[in-house]
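Working notes for the structure below.
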Amino acid sequence: MNKFYITTPIYYVNAKPHLGGVYTTLAADVLARWHRMKGEKVFFLIGTDEHGEKIAKKAEEQKMTPQQLCDQNAARYEQAWDTFSISYDRFIRTTDPEHEKTVTDVMKDIYNKKLIYKGTYHGLYCVDCERYYTAKELVDGCCPLHQKKAVVLSEKCYFFKLSAFQRPLLKMILKNEWIIEPEERRNEVLGFLKNEKLEDLAISREKVKWGIPVPWDNSQTIYVWIDALLNYLSGINWHPNEEKRPEQWPPDIQLIGKDILKFHTIIWPAMLLSLGIPLPKKIYAHGFFTVEGQKMSKSLGNIIDPEELAVTFGAEALRWMILSLFPFGQDGDISQTKFYDKYNAELSNGLGNFHRRVLTLAAKKDIYPLHEADDFKRKIKSVWEKYETSLDHLKFESALTSINDLIGFCDKYINQKEPWKLFKKDIAEYQKVLYNLLEGLRHLGWLIQPFMPEKSNQIFASLGLDNLEKEKPLTKGKQWGQTEFKKTIIGEILFPRL
Ligand code: ME8
């Protein structure tokens with residue numbers, strides 16, 4: 001059985017889930033469900049990033065200990081992931097003792113390999129990003145992400161010999177041994193590695209107390225990004241000194257947003273090379289979205305709360321809408337109006353209306369025997385082909401377009417055949433037409449499964465199939481003519497009008 005290990009970034013617990021973060025995880029969940037549907041053994045890792053100065057400060061403001069704040073906010077994340085039906089296999093927290101052990105062991109291993117040395121760091125630091133910037137990266141002395149003045153810091157710390165990895169990484173990318181997608185992101189990393197000199201990286205902090213201690217020097221804690229990246233190893237119980245390696249490694253895909261590209265394509269692989277273990281098969285960095293043309297930010301007050309949106313549209317509708325608005329690897333713009341338009345056109349008037357229309361017609365007879373139908377069969381086959389290629393290439397929006405295409409085809413078929421007239425004059429023909437439509441609906445149930453698992457169950461239940469259908473392998477489910485339809489039930493409206 002093929003294995004599929006997929007990760008998302010671990011979220012900062014200093015804030016509650018926002019739409020940007022939910023975007024990465026929704027996409028990862030659709031992929032995880034798609035690979036499970038294909039019969040693969042999936043391991044889907046998510047988690048929370050809980051150390052560092054930002055979190056300690058926030059806890060102080062809220063008169064809590066950092067651990068209390070982390071517990072409270074990690075629980076919020078778990079709750080949000082339940083709301084959005086995120087089918088993760090493990091939720092790793094960087095304050096978990098197992099994680100802390102992996103980090104400690106990994107640091108010792110790299111230290112023993114003489115890839116870490118002590119020095120003094122002077123630099124321009126953004127407290128919110130928890131990272132140093134080069135003067136060139138700042139905009140008028142301010143952090144490009146937070147627009148806050150960077151502060152000058154000088155501290156004793158340990159350095160990781162990142163510079164030693166510039167050439168090996170460049171070579172691996174050029175030889176496609178280290179895959180970064182999409183192409184623009186790969187070019188961005190290549191450009192950086194070709195034109196800039198990679199500096200050694202300060203990997204510990206003297207001033208930050210809320211962190212994992214450096215194993216050989218308790219006066220320092222490990223830099224939060226090093227700590228965080230190692231969740232991808234601790235999440236599968238990986239330890240440097242254990243002979244037996246977890247079967248999940250390496251990840252088949254790591255999904256990230258483009259803002260954290262360098263951490264994942266330079267620092268992360270350099271750490272893995274120093275540990276002597278294979279690199280992840282692919283890193284994919286998705287785009288960012290703006291809200292009505294503007295960057296989503298607290299100061300502009302346009303942060304969208306995904307849980308509020310889920311109340312308006314339903315969590316599953318939101319899963320569909322957010323992945324269909326623009327191509328995954330690109331930037332895009334979202335707005336309330338766009339969500340309303342999508343909901344009405346594709347879900348309420350599209351899939352929802354078709355579902356109700358067919359089941360209302362189907363209620364006129366008890367049984368619809370199985371039969372062959374060339375045109376319908378051909379259409380469904382071509383929809384599956386497009387859909388599968390799209391999902392295998394992370395083209396979520398185009399997979400959803402193929403689903404809409406099938407819905408459009410089915411709607412047109414009803415209008416052409418006018419089954420309500422056939423019912424009066426040719427019942428055998430009526431049953432055939434209805435069989436095709438019900439079969440179309442069954443395929444839609446399968447096609448939407450990774451995107452809207454509950455709605456998919458609802459469709460199977462209304463076709464009278466329920467668990468029988470879900471237990472089938474995809475190879476069988478996607479074929480034409482699986483079963484006769486009997487005792488269909490209209491059931492609840494899939495997508496109520498707003
Ligand atoms: O970066 N559009 O956590 P995080 C699209 N803890 N995606 C967005 C976005 C937007 N407007 N805003 C944020 C961290 N994201 C670190 C990760 S991993 C070892 C450590 C995405 O909570 C962002 O790209 O700030 C990232 O993938 C995710 O939200 C979590 O961001």
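Side notes on the structure shown:
- For the stretch 283-396, lysine pairs with C-alpha atoms less than 23 angstrom apart, excluding pairs fewer than eight positions apart on the same chain, total 11.
- About the centre of its Cα atoms, the chain shows a dipole size close to 760 debye [charges on the beta carbon of Lys, Arg (+1) and Asp, Glu (-1) only; nearest 20 debye].
- In terms of surrounding Cβ atoms within a 10 Å radius of their Cβ, THR65, THR48 rank from fewest to most as THR65, THR48.
- Percent RCO, i.e. relative contact order, over the stretch 315-477, from Cα pairs under 8 Å lying at least 6 residues apart: 28
- Signed unit charges on C-beta, dipole axis of the chain, positive-most listed residue MET172, THR134, TRP225: MET172
- Normalised by 2.2 N^0.38 Å, where N counts its residues, the alpha-carbon radius of gyration of the stretch 8-50 equals 1.30.
- Using alpha-carbon coordinates, inclination of helix 19-37 to the longest axis of the chain, degrees: 60
- At 1.567 mPa s and 4 °C, Stokes D of the stretch 315-477 from Kirkwood alpha-carbon radius, µm² per second: 78
- Helix 374-392 vs. the chain, principal-axis angle (Cα, 0 to 90°, nearest 10): 10
- The chain: angle of helix 427-448 to the longest principal axis, Cα-based, in degrees nearest 10: 0
- Judged by the mean number of other Cβ atoms found within 10 Å, the most tightly packed of the peptides 246-253, 191-198 leads the ranking 246-253, 191-198.
- ASN344 versus GLU243: modelled label distance in nm, points set 7 Å from Cα along the beta carbon direction: 6.7
- 222 nm mean residue ellipticity, helices alone, for the chain (DSSP H n ≥ 4; -39,500 (n - 2.57); rounded to 500): -14000 deg cm²/dmol
- Relative protection proxy for 213-222, 175-184, from highest mean packing down: 213-222, 175-184 (other beta-carbon atoms within 10 angstrom).
- If you take all other residues with their beta carbon under 12 Å from the beta carbon of CYS142, and give Lys and Arg +1 and Asp and Glu -1, the sum is -1.
- Net dipole in debye of the stretch 295-446 [+1 Lys, Arg Cβ; -1 Asp, Glu Cβ; about Cα centre; nearest 20]: 560
- Cα gyration tensor, the stretch 36-136 - rounded (a/c under 1.5), prolate or oblate: oblate
- Look at the alpha carbon pairs under 8 Å that are at least 6 residues apart: their mean separation over the length of the chain gives a relative contact order of 15 percent.
- Cysteines, the chain, no other Cys beta-carbon under 4.7 Å: CYS70, CYS142, CYS157, CYS410
- One decimal place: the segment ASP426-ALA15 gains 141.7 nm when fully extended, by the rule 0.36 nm per residue minus the C-alpha distance.
- The chain - share of DSSP beta bridges that are antiparallel (%, nearest 5): 50
- Each Lys and Arg Cβ is given +1 and each Asp and Glu Cβ -1; about its Cα centre, the stretch 1-79 then shows a dipole of about 320 debye.
- For the stretch 315-477, with +1 on Lys and Arg beta carbons and -1 on Asp and Glu, the positive-most of PHE451, ASN415, ALA317 along the dipole: ASN415
- For the pair LYS381 and GLU308, label points projected 7 Å from Cα toward Cβ lie 5.0 nm apart.
- Each peptide in 145-156, 160-171 receives the mean, over its residues, of other Cβ atoms within 10 Å, and ordering these scores from highest gives 160-171, 145-156.
- With only Cα atoms counted, the chain has Rg and Dmax values of 25.8, 89 Å.
Every number here is computed from the coordinates shown, using simple stated rules; none is lab data. None of these values were measured; they are calculated from a predicted model. All Cβ positions, glycine included, derive from the backbone under ideal geometry; neighbour counts span all protein chains shown.
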